[in-house]
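Undergrad: Mind having a look at this structure? Questions to follow.
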Amino acid sequence: MSQGKSVSKFALSLGVSLIALGAMNAPALAQTAQEPDEATEVEEVVITGLRASLQSAQDIKRNSDVIVDSITAVDIGALPDRSVSEALQRISGITLQRTNEARDPARLAAEGGGVFIRGLSWVRSETNGRDIFSARNGRGLSFEDISADLLAGVDVYKNPAANQIEGGVGGTVNLRTRLPFDQGGRLLAFTTDYNYGDMMEEGYWSGSGIFSDRWMTGAGEIGLLANISYSSVGNRTNSITTDRFDPVTRLDGTTVYHPKYLGWRDGRWEQERTAVALALQWSPTADLTLTFQGFHSEADPTNIERVAGIQDATTLCPSAGLTYQNGVLTGGALTGYHEGGWGCWPTGNFVGGPQGGTMEGITYDGNTRYGEDHKETSDYSLRLEYTAGNWDFSGDIQYVESIADILSFTVGTQRSMLGTTPLEAMINIGGGVPSINVTGADLNVASDYYWGFAMDHIEANEADSLAWRGDATYHFDDVGGWLRNFTFGYRATDKTYITRQSNWNWSILSAQYWGFANDNGGTWHYPAVYLTDAAPSPGLPSHAEYYGFNNFFRGDIAVPGGFWLPTASLVSRGTAYANTLLSPITGRPWPEGQGWGWSPLVADWDNYNPTGDNPTGGVTQQDEETQAAYALLRFGHDSALPWPVDGNIGVRFVRTETATEGVCNCPFRPQPPVRR
């Protein structure tokens, strides 16, 4: 189903900023060394370090006529963290998203992701004052994909002026790379480091290098800079998580709240990131400078996650031995038996098992998930700066392109609910250090586990933008007066975003704990294929392993000893490889004509239709054209008041035209594009 939409928007912004600065004079301290009896030649040594970085950041904040915070790096690799997002958290008012996705709080991220300014999202991103974005992250940049080694500094604007690009609801983050004319002469530097993760039991190295020089020639001064950074990093994350808390009615009529799911996770994340920045400057005369800048960054994160947990039905069962605080479950024994004495499950056969009995006890399930991303962002720009008397003129042309390819693949297993040896779980989630202990049976028996489900998800996004800008500034000669300068300019952009996003392709491999069917004579719709059963797929049993969750939270938190899970090789070698092993069981004819059985997604985006589990998925193309004009007057006085005063008043006019076309899972009939 296709839908097109076009919208034109007009925006008018008026900004006034006034900053009063006070200065206090402090006596200077001087120390004079005794002169030597004989004159000696002493080589001058200049040392710069953290103090110079702090002074540079303070000067930017002090001299700005808007509210801005900065971090700077005088030396290569001197920013305090590996990624831009981690460096940004050093600035007051900046917080980071600490999960892989905003909608998925259970999966913690090894590095900070989304940036919030004073609690607000929709933060706009820039490089050297020009717009930049990632195809993965909507209109903003995935800051965690950018190496901090390439940057001279980062500026965070919390109230942009009229001459700055529109669109930052929370604010604007500007990444500044180095230029050859920033250096007094030749610069050659490199840095390298090695980090060892004790929980990962693996080491990673990173390095960066820079070369910059400038030369006087017959055609004027020429400067060249090349900066490259390579970073590898890894991290292990352990977590105990609960799903949403649902209301449950007890026998006495009171309502209490139980988690839908209670689980523990071991995540291993690794990433290789490469970034290159090039700059070429030419100044044929003292009044004219041309600057070309190129920036390219690639990030290839991978992750493998093992998850085990207690499924919803038993946790929702109000057992007699549970404890509560203000009606919320805090701990006790999850037995699978209702406080009234009956089992939480109906009577009948086991899940595909040969024995009869009562399906009581804890439902225990787990999965192994693999994720693989490839993200690239490139930024190319050409700038001209010219000075004529009281006038400064500048012009910019910029092209940005970005791609993001995403794969997520999960295979799950479950443990059969053995009525003769039901499991029990002792939990403590009421505060402090949580704990989960499962007792009642040996969990290291492969024949008790069966293949549960498989799920894959793919994305292939791309975006590009062409922007042009021209600015002019007139500096007033009225020395001692209030007027400083008057700036005006015009900017136009043409952007295209193409989002290709699949559904979450979940389906049954064999049995499911909820698959019992009373209307089918007490038998199961979905017969189980146990991990030790080689008849359907001879190579499949070797792709299951007992995962022990060893050194969980460095041994400080008690969790069950382990779980039989799919191996990393099953989920990390591609869905086509997994399908060759799983298809003999997923391709079976299912009872009652259910039509279950997993098959991998195919990136046939021309014929793709989203499904209900991801209605925002599908293929969408968005085209956007903007035109903006602004005028800004800066004023100030050093002695009219007891303290120096400066500020600005400006107006910005923006016209935006958007057109959208895509495939959606829509309950309404799409309408043809309408232009306003």
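Undergrad: Output the number of the condition that Gly167 fails; it satisfies all remaining conditions of (1) more than 25 Å from Ser232 (Cα to Cα); (2) in a loop (DSSP other than H, G, I, E, B); (3) touching a residue at least 60 places away in the same chain (Cβ under 8 Å).
TA: Of the numbered conditions (1) more than 25 Å from Ser232 (Cα to Cα); (2) in a loop (DSSP other than H, G, I, E, B); (3) touching a residue at least 60 places away in the same chain (Cβ under 8 Å), the odd one out for Gly167 is (3).
Undergrad: How many residues, within region 250-281, are under 26 Å from Trp564 (Cβ atoms) and outside any strand (DSSP E or B)?
TA: Number satisfying all stated conditions: 2.
Undergrad: Those residues that are of a type in the set (Asp, Glu) and buried (at least 18 other Cβ atoms within 10 Å of the Cβ), I need them from region 432-457; list them, please.
TA: First pass over region 432-457, keeping only residues of a type in the set (Asp, Glu): 442, 448, 456.
The answer is Asp448, Asp456.
Undergrad: Can you tell me which residue in region 77-106 is modelled with the lowest pLDDT, limited to those that are surrounded by 22 or more Cβ atoms within 10 Å (Cβ to Cβ) and in a loop (DSSP other than H, G, I, E, B)?
TA: Gly77
Undergrad: Give the residues of region 535-553 that are without any contact (Cβ under 8 Å) to a residue 60 or more places away in the chain, under 16 Å from Thr413 (Cβ atoms) and in a loop (DSSP other than H, G, I, E, B), sorted by residue number.
TA: Pro536, Ser537, Gly548
Undergrad: Just to be sure I understand, how many residues within region 542-563 are at pLDDT 95 or above and in contact with a Ser or Thr (Cβ under 6 Å, 6 or more places away or on another chain)?
TA: 2
Undergrad: Which one is farthest from Thr241 (Cα to Cα), of the residues in region 554-580 that are assigned to a helix (DSSP H, G or I) and of a type in the set (Gly, Ala, Ser)? Let's see the steps before the verdict.
TA: From region 554-580, those assigned to a helix (DSSP H, G or I) are 554-555, 568-572, 575-580; that's our starting set.
From what's left, of a type in the set (Gly, Ala, Ser): 555, 568-569, 572, 576, 578.
Working: Gly555: 17, Ala568: 22, Ser569: 26, Ser572: 24, Ala576: 31, Ala578: 28 Å.
Looking at the filtered set, the residue picked out is Ala576.
Undergrad: For Gly167, state whether it is within 25 Å of Thr493 (Cα to Cα), modelled with pLDDT under 85 and crowded, with 17+ Cβ neighbours inside 10 Å. I'd like the intermediate steps shown before the answer.
TA: Values: within 25 Å of Thr493 (Cα to Cα): yes; modelled with pLDDT under 85: yes; crowded, with 17+ Cβ neighbours inside 10 Å: yes.
Here the answer is yes, as Gly167 does meet what is asked.
Residue-by-condition table, conditions (1) outside any loop (DSSP other than H, G, I, E, B); (2) touching a Lys or Arg at 6+ places or on another chain (Cβ under 6 Å); (3) among the small types (Gly, Ala, Ser):
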residue: Asp149; (1), (2), (3): yes, no, no
residue: Asn174; (1), (2), (3): yes, no, no
residue: Gly185; (1), (2), (3): no, no, yes
residue: Asn195; (1), (2), (3): yes, no, no
residue: Ser206; (1), (2), (3): yes, no, yes
residue: Met216; (1), (2), (3): yes, no, no
residue: Ser231; (1), (2), (3): yes, yes, yes
residue: Asn235; (1), (2), (3): yes, no, no
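Undergrad: Further question: Looking at region 195-214 only, could you name the residues that are among the hydroxyl-bearing types (Ser, Thr, Tyr), out of contact with any helix residue (DSSP H, G or I) (no Cβ under 6 Å at 6 or more places or on another chain) and touching a residue at least 12 places away in the same chain (Cβ under 8 Å)?
TA: Initially, region 195-214 is screened for residues among the hydroxyl-bearing types (Ser, Thr, Tyr), giving 196, 204, 206, 208, 212.
Still in the running and out of contact with any helix residue (DSSP H, G or I) (no Cβ under 6 Å at 6 or more places or on another chain): 196, 204, 206.
If the condition is that a residue be among the hydroxyl-bearing types (Ser, Thr, Tyr), out of contact with any helix residue (DSSP H, G or I) (no Cβ under 6 Å at 6 or more places or on another chain) and touching a residue at least 12 places away in the same chain (Cβ under 8 Å), then Tyr204, Ser206 are the ones that fit.
Undergrad: Tell me, which residue of region 585-595 that is more than 14 Å from Gly452 (Cα to Cα) and not small (Gly, Ala, Ser) is modelled with the highest pLDDT? Reasoning before the result, please.
TA: Of region 585-595, the ones more than 14 Å from Gly452 (Cα to Cα) are 587-595.
Adding the requirement that they be not small (Gly, Ala, Ser) leaves 588-592, 594.
Values: Arg588: 66, Pro589: 63, Trp590: 60, Pro591: 56, Glu592: 51, Gln594: 55.
Across region 585-595, the extreme among qualifying residues is Arg588.
Undergrad: Considering only residues that are more than 17 Å from Gly294 (Cβ to Cβ) and touching a residue at least 60 places away in the same chain (Cβ under 8 Å), look in region 215-229 and name the one that is surrounded by the most Cβ atoms within 10 Å (Cβ to Cβ).
TA: Taking region 215-229 first, the residues more than 17 Å from Gly294 (Cβ to Cβ) are 215-221.
The next check asks that each one be touching a residue at least 60 places away in the same chain (Cβ under 8 Å); those that pass are 219-221.
Numbers: Ala219: 9, Gly220: 15, Glu221: 17.
Going through the qualifying residues, I end up with Glu221.
Undergrad: A further question on this structure: Under 7 Å by Cβ, and 6 or more places apart or on different chains, what pairs join a residue from region 621-641 that is closer than 17 Å to Gly167 by Cβ with one that is among the basic types (Lys, Arg) and assigned to a strand (DSSP E or B)?
TA: Between residues of region 621-641 that are closer than 17 Å to Gly167 by Cβ and residues that are among the basic types (Lys, Arg) and assigned to a strand (DSSP E or B), the close pairs are Glu624/Lys495; Thr626/Arg655; Gln627/Arg655; Ala628/Arg491; Ala628/Arg652; Tyr630/Arg652.
Undergrad: Could you grab me the full set of residues in region 67-76 that are modelled with pLDDT under 75 and under 27 Å from Asn485 (Cα atoms)?
TA: In the first step, residues of region 67-76 are kept if they are modelled with pLDDT under 75; the result is 73-76.
Within region 67-76, none qualify.
Undergrad: Name the strands (runs of 3 or more DSSP E) wholly within region 309-392 that hold at least 1 residues that are at pLDDT 90 or above, of a type outside the set (Val, Ile, Thr) and within 41 Å of the chain's Cα centre (by Cα)?
TA: Working: elements: 322-325, 328-334, 347-349, 356-358, 364-388.
Filter on region 309-392 gives 322-325, 328-334, 364-388.
Undergrad: Do we have Arg124 as in contact with a Lys or Arg (Cβ under 9 Å, 6 or more places away or on another chain), under 21 Å from Ala467 (Cα atoms), modelled with pLDDT under 80 and surrounded by 22 or more Cβ atoms within 10 Å (Cβ to Cβ) here?
TA: On the way: in contact with a Lys or Arg (Cβ under 9 Å, 6 or more places away or on another chain): yes; under 21 Å from Ala467 (Cα atoms): yes; modelled with pLDDT under 80: no; surrounded by 22 or more Cβ atoms within 10 Å (Cβ to Cβ): yes.
Spelling it out, it is not the case that Arg124 is in contact with a Lys or Arg (Cβ under 9 Å, 6 or more places away or on another chain), under 21 Å from Ala467 (Cα atoms), modelled with pLDDT under 80 and surrounded by 22 or more Cβ atoms within 10 Å (Cβ to Cβ).
Undergrad: A further question follows. Got a number for residues in region 372-431 being crowded, with 17+ Cβ neighbours inside 10 Å and aromatic (Phe, Trp, Tyr)?
TA: Residues flagged as crowded, with 17+ Cβ neighbours inside 10 Å and aromatic (Phe, Trp, Tyr) within region 372-431 amount to 1.
Residue-wise test of (1) over 34 Å from the mean Cα position of the chain (by Cα); (2) at pLDDT 95 or above; (3) within 30 Å of Glu339 (Cα to Cα); (4) among the polar types (S, T, N, Q).
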| site | (1), (2), (3), (4) |
| --- | --- |
| Gly184 | yes, no, no, no |
| Gly218 | yes, no, no, no |
| Thr254 | yes, no, yes, yes |
| Gly267 | no, no, no, no |
| Thr274 | no, no, no, yes |
| Leu278 | no, yes, no, no |
| Pro284 | yes, yes, no, no |
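Undergrad: Got a number for residues in region 129-147 being surrounded by 21 or more Cβ atoms within 10 Å (Cβ to Cβ), more than 14 Å from the chain's Cα centre (by Cα) and in a loop (DSSP other than H, G, I, E, B)?
TA: Of the residues in that region, 1 qualify.
The values are calculated or read from the model by the stated rules, or taken from the named source; none is laboratory data. These numbers were taken from a predicted model, which means no experiment stands behind them. As a convention, Cβ positions derive from the backbone with ideal geometry for all residues, glycine included, and neighbour counts pool all protein chains shown.
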